[in-house]
Ligand code: ADP
């Protein structure tokens, strides 16, 4: 019989460019199965980092993108009608808990608080997941670890993480990679020459300086990769920048003009 989470194993090494001691810090936390919170802006490499760590530690990775419509049942499971009547179906988090995966809740503050409380008994010494509807308590597999990500930049009082939740996690801080590293990442991931990746990164730096001065976030590493992919595919650099950076970042015509001027200064 195949292992139930075989499909969640990452078999080839993901490309991950470390910025500091985060790989070592993660391994030390994982040695104690300590719950981890990855803080940092969107598109800066948090998900790629967890994929890399899951590959390195040879653990399956169950990733769940949180949103406000997500219910506790979506995470832990529910009874479903099938040919033989009703049968319990483990949700993705229950599978991770039972079989010793790393469970990654991406953007955890997007989930409603009545959903996030299900993680509490998993993040303390009990390491268990009560399935109330089924009348079962699942004891976490010794290899199970919970990892969450969140973006402090988007915090508002309604989307804050309760202290009772956040104090259950050790935390690693992420930011956009240094200029040299980001140039290498963009060139590697999108396939554009290094000189062009450098021009794209220069645009990103200008936009990041506008954070909180009209922009919620500057251009992320992810956006630069999108821009590079379209350029490599033959689109003009200016059109690609419109499509992947300017329009997604702002609806404000003046702000768009400002970002366009950064693009035109490069291309
Ligand atoms: P986040 O989870 O922080 O929103 P991602 O991990 O999805 O961001 O990063 C977006 C993309 O940027 C990734 O798919 C990857 O191509 C690239 N990337 C960002 N940082 C790195 C890094 N340090 N090493 C390798 N690729 C990276």
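The combined condition, being away from the ligand (no atom under 12 Å from the Cβ), at pLDDT 95 or above and surrounded by 13 or more Cβ atoms within 10 Å (Cβ to Cβ), is fulfilled by residue 171.
Taken together, 75, 64 contain a single residue that is touching a helix residue (DSSP H, G or I) at 6+ places or on another chain (Cβ under 9 Å), part of a strand (DSSP E or B) and surrounded by 16 or more Cβ atoms within 10 Å (Cβ to Cβ), which is 64. The set of residues in region 174-222 that are in a helix (DSSP H, G or I), more than 14 Å from the ligand (Cβ to nearest atom) and within 15 Å of residue 259 (Cβ to Cβ) comprises 199, 202, 203, 205, 206, 207, 208. Considering only residues in region 257-266 that are under 14 Å from residue 240 (Cα atoms) and surrounded by 15 or more Cβ atoms within 10 Å (Cβ to Cβ), the one that is farthest from the chain's Cα centre (by Cα) turns out to be 266. Residues in region 84-105: is at least one buried (at least 21 other Cβ atoms within 10 Å of the Cβ), within 11 Å of the ligand (Cβ to nearest atom) and in contact (Cβ under 8 Å) with a residue 12 or more places away in the chain? Checked against the condition, which is being buried (at least 21 other Cβ atoms within 10 Å of the Cβ), within 11 Å of the ligand (Cβ to nearest atom) and in contact (Cβ under 8 Å) with a residue 12 or more places away in the chain, region 84-105 yields at least one hit. Once region 19-50 is narrowed to residues that are more than 8 Å from the ligand (Cβ to nearest atom), assigned to a loop (DSSP other than H, G, I, E, B) and touching a residue at least 12 places away in the same chain (Cβ under 8 Å), the residue that is nearest to the chain's Cα centre (by Cα) is 35. The residues of region 5-18 that are exposed (fewer than 14 other Cβ atoms within 10 Å of the Cβ), modelled with pLDDT of 95 or more and away from the ligand (no atom under 13 Å from the Cβ), listed by number, are 11, 12. Pairs linking a residue in region 189-204 that is closer than 10 Å to residue 266 by Cα to a residue that is not in a helix (DSSP H, G or I), with Cβ atoms under 8 Å and 6 or more positions apart or on different chains, are 199/267; 200/192; 203/219.
The values are calculated or read from the model by the stated rules, or taken from the named source; none is laboratory data. Quick caveat: nothing in here was measured; it's all calculated off a predicted structure. Ideal geometry is used to build each Cβ from the backbone, glycine not excepted, and the neighbour counts take in all protein chains shown.
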